[in-house]
Amino acid sequence: MRASKIFDELMEEMDRCFEGLTDPRSGENTRYEIKDAALSAFGIFFTQSSSFLAYQRMLEERKGKSNVSSLFGVERIPSDNQIRNLLDPQEPELLYGVFSKGLKALEESGRLEDFSSYRGQVLISCDGTGTISSQKIQCSNCSRRELASGETLYTHYAILPVIVKAGESRVLVLEPEFITPQDGHEKQDCERAAIKRWVQRQAGRYAQYKYTLLGDDLYACQPICELFLEAGFNFILVCQPESHVALYEQVDFLDRNGQVEQLSMRHWNGRYAEIHHYRWVNEVPLRRG
């Protein structure tokens, strides 16, 4: 019942967002509504089946009604090309309300507690990933990288934060942050600029210090750590020895003087035993000075 209520609330919010999509067409060929194209595209991702719409069109032709109509309220199913033509010009930010509405619905229903970890913390894993890569297709939002061959690689990158929990195969997807050429930096700096925008936009939306951001070595620098804390997030970040020389010099110095705690644990992985070695120390500097 609770899951059904959450789904209905999300569909209502999605309908509201889809109503705000702009129509790029200037002619009279408007047989298909943009909302139908968006709901049809959502149906593909919801069912995780690339042949979903083709099957629905067959049902529509043979029986006069399809599942995509009863499930998502689609009146007419556009073709794949029509869906792309109608949705490609849309701004992703128009759909951000669905993500915040989904998280709020999970919080109010108590379902978010299923993802709470140590001391009730909710873990948000943040990482950048490429979504499109081509040497031929490009647009104004593409990042460009020169290859050793002299050719140009056109790519789209984004930060994709998700709520995770150890031992849980499902994740809860949060709104993305796109890395754009306007950032004016190399990829590494672009990703840092994107995570800053995401955190600044989320400040105030989350309960103070209930959420812990997880990130790789790229985010483990003082300005970003300070930004996380100012926005009310805890954080756990990877620090590689190559990029955090002062930190590891201090850890090694303390280790030589017996001030680093250590623990070894035997773990059976299903085939043979492994020995896991841990060591930890508190209050060491992230950087010199």
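No lab work stands behind these numbers, since they all come straight from the coordinates. As the structure is a prediction and not an experimental result, all values here were calculated from the model. Please note: Cβ atoms are built from the backbone with ideal geometry, for glycine as well, and neighbour counts cover all protein chains shown.
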Which is farthest toward the positive dipole end of segment 1-151 among 78, 18, 130, measuring Cα position about the Cα centre, with Cβ charges +1 (Lys, Arg) and -1 (Asp, Glu)? 78
Most mobile of 266, 111, 201 in a GNM of the chain (Cα contacts under 10 Å): 266
Could you work out which residue, out of 145, 256, 271, moves most in a Gaussian network model of the chain, that is, has the largest mean-square fluctuation with Cα springs under 10 Å? 271
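Once you keep just the Cα pairs under 8 angstrom separated by 6 or more residues, what percentage relative contact order results for segment 115-237? All intermediate terms of the calculation are to be shown ahead of the outcome.
Values: 218 pairs, mean separation 30.0, N = 123.
For segment 115-237, the relative contact order is 24 percent.
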To the nearest 0.05, the calculated FRET efficiency linking residue 286 and residue 148 through their beta-carbon distance, R0 being 35 Å, is 0.50
Calculating Cα Rg over 2.2 N^0.38 Å from this structure picks out, from (1) 1.29; (2) 0.94; (3) 1.25, entry (3)
For the chain, with a Gaussian network of springs between Cα atoms less than 10 Å apart, report the residue from 19, 107, 274 with the top mean-square fluctuation. 274
Magnitude of the charge dipole, the chain, Cβ model with Lys/Arg +1 and Asp/Glu -1, debye to 20: 580
Length-normalised contact order for segment 22-89 - Cα pairs under 8 Å, 6+ apart - percent: 45
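Given an 8 Å cut-off on Cα distances and at least 6 residues of separation, report the relative contact order of the chain as a percent. Could you put the intermediate results ahead of the total?
Numbers: 375 pairs, mean separation 32.9, N = 289.
After rounding, I find 11 percent.
Sort 136, 101 by Cβ crowding within 10 Å, fewest neighbours at the top. List each step's numbers first, then the result.
Numbers: 136 7, 101 18.
Listing 136, 101 from fewest to most nearby Cβ atoms yields 136, 101.
With charges set only on the Cβ (+1 for Lys and Arg, -1 for Asp and Glu), what does the dipole of segment 41-158 come to about its Cα centre, in debye to the nearest 20? If you can, show how the numbers build up before the last one.
Working: 13 positive and 14 negative charges, 65 e Å.
Result for segment 41-158 is approximately 320 debye, rounded to the nearest 20.
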Size of the dipole of segment 72-231 about the Cα centre, Lys and Arg at +1 and Asp and Glu at -1 on the beta carbon, nothing else charged, in debye to 20? 260
Could you tell me how far the Cα centroid of segment 253-278 sits from the Cα centroid of segment 121-158, in Å? 38
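Kindly put 159, 236, 275 in sequence by how many other C-beta atoms sit within 10 Å of each C-beta, fewest to most. Can you show the working numbers first?
Details: 159 24, 236 12, 275 8.
Fewest-to-most Cβ neighbours within 10 Å comes out as 275, 236, 159.
For every helix of n ≥ 4 consecutive DSSP H residues, a contribution of -39,500 (n - 2.57) applies; sum these over the chain, divide by its total residues, and give [θ] at 222 nm rounded to the nearest 500 deg cm²/dmol. Let's see the in-between values first.
Numbers: 9 runs with 109 residues, N = 289.
Taking each H run of at least 4 residues, the total per residue is -11500 deg cm²/dmol.
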Check: in the chain the Lys pairs 8 or more apart or on separate chains whose Cα atoms fall under 21 Å apart number 12
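With 10 angstrom as the radius, rank 198, 268 by how many other C-beta atoms surround their C-beta, starting from the fewest. If you can, show how the numbers build up before the last one.
Values: 198 21, 268 8.
With the sparsest Cβ surroundings first, the list reads 268, 198.
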Here the FRET efficiency for residue 277 versus residue 221, based on Cβ atoms and R0 = 25 Å and rounded to 0.05, is 0.35
Between residue 30 and residue 79, what is the FRET efficiency for a Förster distance of 25 Å, r being their Cβ-Cβ separation, to the nearest 0.05? 0.95
Output row, site residue 61, 7 Å Cα→C-beta label point, backbone N cut-off 19 Å, window segment 77-98, residues 77-83
